[in-house]
Amino acid sequence: MNIVITGASRGIGKATAAAFAAAGYSLYLCSKNEIALQQTADELEQQFPQAKLFFKAADLTSKHETELFAHWLLEKSIRIDILVNNAGTYLPGGILNEEDGVLEKMMDINLYSAYHLTRNLLPALIRQPLLQHTRAHIFNLCSIASIQAYPNGGAYGISKYALYGFTKNLREELKQYHIKVTAVLPGAVLTDSWGDFDNSGHRIMAAGDIATMIFTAAHLSPAACVEDILLRPQLGDL
Ligand SMILES: NC(=O)c1ccc[n+]([C@@H]2O[C@H](COP(=O)([O-])OP(=O)(O)OC[C@H]3O[C@@H](n4cnc5c(N)ncnc54)[C@H](OP(=O)(O)O)[C@@H]3O)[C@@H](O)[C@H]2O)c1
C-alpha cells in the first residue's frame, strides 16, 4: 500500500508514518523543513527496513507548493491508497485579542492545505481501479476544537471547525466513488505543540494512540467507513 502523510516530520504525522512503516508499506511524506523531514525518513528507514520512504519538502500554506507536492506524487503514477492530511499548527488566542492575520494563517495551514492537496489528487484517486472494493481512504486531522469552542481557541478553533466541515462534505461526495473519508478529532496529544508540558502522569495522550486508531480504521472491511475518530485523554480535556 502507498500512504501519503503531510506534516510527517514529527508529532502525530511521524507516529502515523511509523505505524504504516512497521507494516512494510511505502510512505510519501511531506513537511516544510527539509532537514527534519530527511532525518525522520532516515530514522524510519533504519527502524523499519521493510518499508520504503520517499519525501518532498513543501510549505503547504502556499497553494503553489501544495500543487508541486501533488504533482510530485502524480508523476510517480502510483496508486494512492491512503492520504493523511495532518499538517497543522496551533496558535493560541482569542477572537478579541489575536493579531490581525492570525485567522488567515490558521486557515492556510489547517484548512486550505488539506483542501487543495485533496482536490489536486482527487481526479487520480477516482480513476484508480477498485482494490478490494475500495479506491482510497482519506484521513483529515481535525480536533476536539472542531466540535467544541474553548478558551484561547480563537482562529485555530474556527479553522478546525472549517476542516471538519470540509471533511463531512468530502465524505458525502466520495461515497459513490468507494473512497472512504475519516475525520480524526483528538483532544490533547503530547507533541511539540505542547512545548515542555510535564506528562509524567500521562495526563494527555501519546501521538502513537492517534496513529493506532488511524491504522486500525484503514484496515476495516470495504463495507465499513469510520466517519469520526474522537479521542480524549482519559481524564477529559484540559
Ligand atoms: N497535538 C495536539 O494536541 C493536537 C490535538 C488535536 C489535533 N491536532 C492536530 O493534529 C495535527 C498534527 O499535530 P501535531 O501536534 O503532531 O503537530 P506538530 O508536532 O507541531 O507537527 C506539525 C507537523 O506539520 C508540519 N507543518 C507545519 N506547518 C507546515 C507547513 N506550512 N507546510 C508543511 N508542513 C507543515 C510540521 O513540519 P515543519 O516543522 O517542517 O513545519 C510538522 O511535521 C495538526 O493538524 C493539529 O492541529 C493536534
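Only the coordinates and a few stated rules stand behind these numbers; no lab work does. Treat the numbers as computed from the prediction; the structure is a model and nothing was measured.
What value in Å³ per residue do you get for the convex hull of the alpha-carbon atoms in segment 102-238?
Output value, Cα hull per residue: 114 Å³.
Rounded to the nearest 500, what is the chain's calculated 222 nm mean residue ellipticity when only DSSP H runs of at least 4 contribute -39500 (n - 2.57) each, over all residues?
Only helices count here, giving -12500 deg cm²/dmol.
Given H placed 1.01 Å from N in the peptide plane, which residues other than close sequence neighbours of I138 have an amide H under 5 Å from its amide H?
L83, K180, V181, T182
For L53, what residues show an amide H to amide H distance below 5 Å, using hydrogens built from the backbone and excluding near sequence neighbours?
Those lying under 5 Å, H to H, from L53 are L27.
Using only the Cα atoms, what convex hull volume per residue in Å³ does the chain have?
124
Pull up all non-local amide H partners of L230: gap of 5 or more, or a different chain, and H-to-H distance under 5 Å with H placed in the peptide plane.
So L230 has HN proximity to L185.
Rounded to the nearest Å, what's the spacing between the alpha carbon centres of segment 149-179 and segment 1-44? Just the number, please.
23
How fast does segment 1-107 diffuse by Stokes-Einstein, in µm²/s, taking the Kirkwood radius from C-alpha pairs at 25 °C and 0.890 mPa s?
Taking Rh from Cα pairs, D becomes 168 µm²/s.
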